[in-house]
C-alpha cells in the first residue's frame with residue numbers, strides 16, 4: 001500500500017467537543033476536612049473550593065493498576081450514588097465532571113489500561129474493557145463513599161467501554177448512558193466485511209497502538225472468537241441496567257446506537273428490559289455538542305441542554321429514585337431532517353417522539369432502470385444491465401457521511417457522480433414530500449469478472465439546484481455477501497443477488513426534490529479499497545481492474561425499498577419542556593479563581609503517516 005500523509009481529527013477531539021475546553025476553578029485549602037461517615041479523606045487528597053479529588057491505583061485481576069480519580073463533595077455526610085467514567089483520553093482532562101459532586105453524586109474517572117497513568121499494554125482495541133470495567137465496578141461498590149448505586153456515562157470509546165462492562169456486571173450497576181457508541185466493535189469496524197479504514201486506522205495510530213495491534217487487526221478480518229469479547233449482542237439478557245442511548249444520523253455508530261437501544265429494551269434482563277430510551281439527532285460524531293452536520297446547521301439541534309437533560313433524566317431516576325424527568329422523556333426522541341434551503345413550507349427539521357423503534361412504516365419499492373431512472377415500476381426489458389470499470393488505484397473519494405477522521409455529515413456528491421464508475425439512479429421531481437424513517441434495503445443483481453470486489457450504495461437528496469446531498473451509505477465486500485465468518489468468492493460472469501441494509505435515517509425529501517441512489521465499488525478513505533484479487537486484508541502485491549455489472553431487467557429487478565411514513569402522523573416533541581438542572585461548565589466562583597486549562601479537550605489536529 002502506498003504511503004499518504006493525512007490530517008485527521010481523532011476521537012479525542014470528538015469527546016473534547018462533548019465536554020468542551022475545560023475551565024476548572026479551584027482554591028487550595030490548608031486542611032483536610034472531616035466527613036460525616038466512617039471514613040476520612042486520605043492525605044494525598046487535593047482540596048478545591050467545592051470538592052475533593054482523591055487519586056487511586058485500582059488493582060485488576062492480573063495486578064495491573066488502573067489510575068482512577070475520585071471526586072467527592074468537600075462536605076461528605078453520607079454515602080453517595082456514583083457516576084463512573086472510563087476513558088482512553090486522559091482522566092485528568094475530564095475534571096469538569098467533578099461539578100456533579102455539587103448535586104449529590106460521587107464521580108469516578110479512570111484511564112483505560114495502557115493509557116496515560118494506567119499500567120498495562122495496548123492490544124486489540126477494547127479487548128480488556130469488559131473485565132477491567134467489571135473489576136472497577138466491584139471496587140467502587142466496596143468503598144464507604146458509595147451507596148451501592150452506580151451509573152456510567154460517556155461518548156464514543158467511553159460508551160463502548162460501558163457496553164462491554166454491562167453483561168454479568170455487579171448488581172451495583174444501575175444505569176448507563178452510552179453516547180454515540182457501539183455494542184459490537186467488529187460490526188462497527190468492518191462494514192459488510194470491508195474495513196472502516198478511516199475509523200480504525202487513524203484512531204489506533206493517534207492513540208499510539210503498537211505494530212502488534214495492527215497485525216492482530218490484519219490477522220482477524222473475519223469475525224471469529226477474538227471478537228466475541230467485543231460484542232454484547234448475544235448477551236443482552238445478562239444486562240440488568242437501565243439505559244439511555246444517544247446517537248446521530250451522521251455518526252460513525254448510527255445503526256449501532258439504535259441496535260444497542262433495541263437490544264437493551266427488548267432482550268435485556270431484569271432491570272434493563274423495558275427500561276431503555278433512545279435519542280437520535282442530526283449529528284456527526286459528537287455533534288450534539290455544537291458541530292454542524294457537514295454543510296448544514298440544523299435548527300434546534302446543537303443545544304447542550306438536550307444532552308444534559310438526558311443525563312438528569314437517567315441519573316435522577318435510577319440513582320436517586322426521582323422519575324420526574326425520566327417519565328417526561330419519550331422512549332424514542334428523534335430529529336426528522338430535511339433540506340434547510342429548499343424547504344418553503346418548513347417541513348421537518350424538528351424533534352419528534354415515538355413509543356418504539358423501528359416506527360411502523362409502509363414499504364415503497366423503487367426500481368433501477370438502464371436509463372438511470374428510479375421508479376415504482378419494475379423493468380419490462382428481457383435483458384438489461386449497466387457495467388462499469390472499478391480501478392482500485394483510482395477509487396471514488398469520500399465526501400461526508402458518518403466519518404471520524406474525515407469531514408463528516410451532509411456534503412454535495414455531484415462531483416463524484418460525474419465519474420464513469422459511479423452509477424446514479426434518480427426519481428423524477430417529487431410532487432409531494434417523501435418521509436423515510438428507518439433502514440432502507442437495497443436488493444440488486446450483480447456480476448464481476450473478478451472473484452472478489454466491493455459494491456457501494458449511497459442515497460442522496462437531489463436539491464432543485466442539482467446538488468446531491470448525502471443521506472446515508474453502505475458497502476458490501478462480495479465475498480462477505482452471505483457471511484462475516486466465511487468467504488464465498490464469486491465465479492466470474494455469474495449473476496448474484498445481494499441484499500443489504502443501509503443505516504437507519506429520519507429524512508424528509510421535499511417537494512420538487514429528487515431521490516437518488518448511487519452505486520459504485522469504492523468510497524475511500526471511509527472504507528479500505530478492495531484490490532479485486534481475493535487476497536486477505538493488506539496481503540495483495542497487485543490489483544485487478546473489476547468489470548462490474550448491475551442487472552436491471554424483468555428477471556433481475558434491482559431495487560431499493562424505503563420505509564415510508566405519513567409526515568402528518570408524526571408526533572412532535574419539545575426539549576424546552578425538559579430543562580436540565582445545570583450544565584457543568586464551571587464550579588463555584590465565590591472566591592477569585594485560579595484557572596487550570598485542559599488542552600487535551602481543545603481541538604487537536606494530528607498529522608498521521610499511514611502505516612501501510
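The values are calculated or read from the model by the stated rules, or taken from the named source; none is laboratory data. For clarity, every value in this text was computed on a predicted model and none was experimentally measured. Cβ placement follows ideal geometry from the backbone for every residue including glycine, while neighbour counts extend to all protein chains displayed.
Just a few scattered comments:
- Qualifying residue in region 440-453 (condition: within 22 Å of residue 343 (Cβ to Cβ) and in contact (Cβ under 8 Å) with a residue 60 or more places away in the chain): yes
- Qualifying position, being in contact (Cβ under 8 Å) with a residue 24 or more places away in the chain, farther than 19 Å from residue 213 by Cβ, part of a loop (DSSP other than H, G, I, E, B) and in the same structural domain as residue 241 (by TED's automatic domain parsing), among 109, 61: 61
- Enumeration of residues in region 320-341 that are out of contact with any helix residue (DSSP H, G or I) (no Cβ under 9 Å at 6 or more places or on another chain), closer than 19 Å to residue 178 by Cα and either buried (at least 21 other Cβ atoms within 10 Å of the Cβ) or outside the structural domain of residue 101 (by TED's automatic domain parsing) (or both): 334, 335
For every residue, the table says whether it meets (1) touching a residue at least 12 places away in the same chain (Cβ under 8 Å); (2) more than 19 Å from residue 420 (Cα to Cα); (3) surrounded by fewer than 23 Cβ atoms within 10 Å (Cβ to Cβ); (4) out of contact with any helix residue (DSSP H, G or I) (no Cβ under 8 Å at 6 or more places or on another chain).
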| position | (1), (2), (3), (4) |
| --- | --- |
| 455 | yes, no, no, no |
| 460 | yes, no, no, yes |
| 464 | yes, yes, yes, yes |
| 527 | yes, yes, no, no |
| 558 | yes, yes, no, yes |
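- Any pair with Cβ under 8 angstrom, 6 or more apart, that starts in region 345-365 at a residue that is not assigned by TED's automatic domain parsing to the domain that holds residue 260 and ends at one that is part of a loop (DSSP other than H, G, I, E, B) and loosely packed, with under 15 Cβ neighbours inside 10 Å: 364/376; 365/376
- Listed by position, the strands (runs of 3 or more DSSP E) contained in region 383-451 that have at least 3 residues being surrounded by fewer than 18 Cβ atoms within 10 Å (Cβ to Cβ) and in contact with a strand residue (DSSP E or B) (Cβ under 8 Å, 6 or more places away or on another chain) are 385-390.
Conditions tested, residue by residue: (1) more than 30 Å from residue 519 (Cα to Cα); (2) assigned to a loop (DSSP other than H, G, I, E, B); (3) in contact with a strand residue (DSSP E or B) (Cβ under 6 Å, 6 or more places away or on another chain).
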| position | (1), (2), (3) |
| --- | --- |
| 309 | yes, no, no |
| 315 | yes, no, yes |
| 341 | no, yes, no |
| 363 | no, no, yes |
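- You will find that of 243, 237, 213, the residue that is assigned by TED's automatic domain parsing to the domain that holds residue 284 and part of a helix (DSSP H, G or I) is 237 and no other.
- Every residue from region 170-194 that is surrounded by fewer than 23 Cβ atoms within 10 Å (Cβ to Cβ) and either closer than 17 Å to residue 286 by Cα or out of contact with any strand residue (DSSP E or B) (no Cβ under 9 Å at 6 or more places or on another chain) (or both): 188
- Taking the criterion of being part of a loop (DSSP other than H, G, I, E, B), under 26 Å from residue 357 (Cα atoms) and within 20 Å of the chain's Cα centre (by Cα), the residues of region 476-530 that qualify are 502, 503, 504.
- Within region 237-273, the set of residues being farther than 16 Å from residue 314 by Cα, touching a helix residue (DSSP H, G or I) at 6+ places or on another chain (Cβ under 9 Å) and without any contact (Cβ under 8 Å) to a residue 60 or more places away in the chain comprises 237, 266, 267, 268, 269.
- The single condition among (1) assigned to a loop (DSSP other than H, G, I, E, B); (2) closer than 30 Å to residue 205 by Cβ; (3) at pLDDT 95 or above that residue 134 does not satisfy is (1).
- Qualifying residue in region 211-231 (condition: farther than 22 Å from residue 523 by Cβ and touching a strand residue (DSSP E or B) at 6+ places or on another chain (Cβ under 8 Å)): yes
- Any chance residue 468 is under 18 Å from residue 551 (Cα atoms) and crowded, with 20+ Cβ neighbours inside 10 Å: no
- Criterion: surrounded by fewer than 22 Cβ atoms within 10 Å (Cβ to Cβ) and modelled with pLDDT under 95 - qualifying residue of 370, 305: 305
- Scanning region 152-165 turns up no residue that is within 24 Å of the chain's Cα centre (by Cα), at pLDDT below 95 and not in a strand (DSSP E or B).
- When 260, 229 are checked against the criterion of being buried (at least 19 other Cβ atoms within 10 Å of the Cβ) and either assigned by TED's automatic domain parsing to the domain that holds residue 401 or not in a strand (DSSP E or B) (or both), a single residue qualifies: 260.
Every residue, every condition in (1) modelled with pLDDT of 95 or more; (2) surrounded by fewer than 24 Cβ atoms within 10 Å (Cβ to Cβ), yes or no:
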position: 256; (1), (2): yes, no
position: 286; (1), (2): no, no
position: 289; (1), (2): no, yes
position: 301; (1), (2): no, yes
position: 343; (1), (2): no, yes
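- From 75, 119, 129, residue being modelled with pLDDT of 95 or more and out of contact with any strand residue (DSSP E or B) (no Cβ under 6 Å at 6 or more places or on another chain): 129
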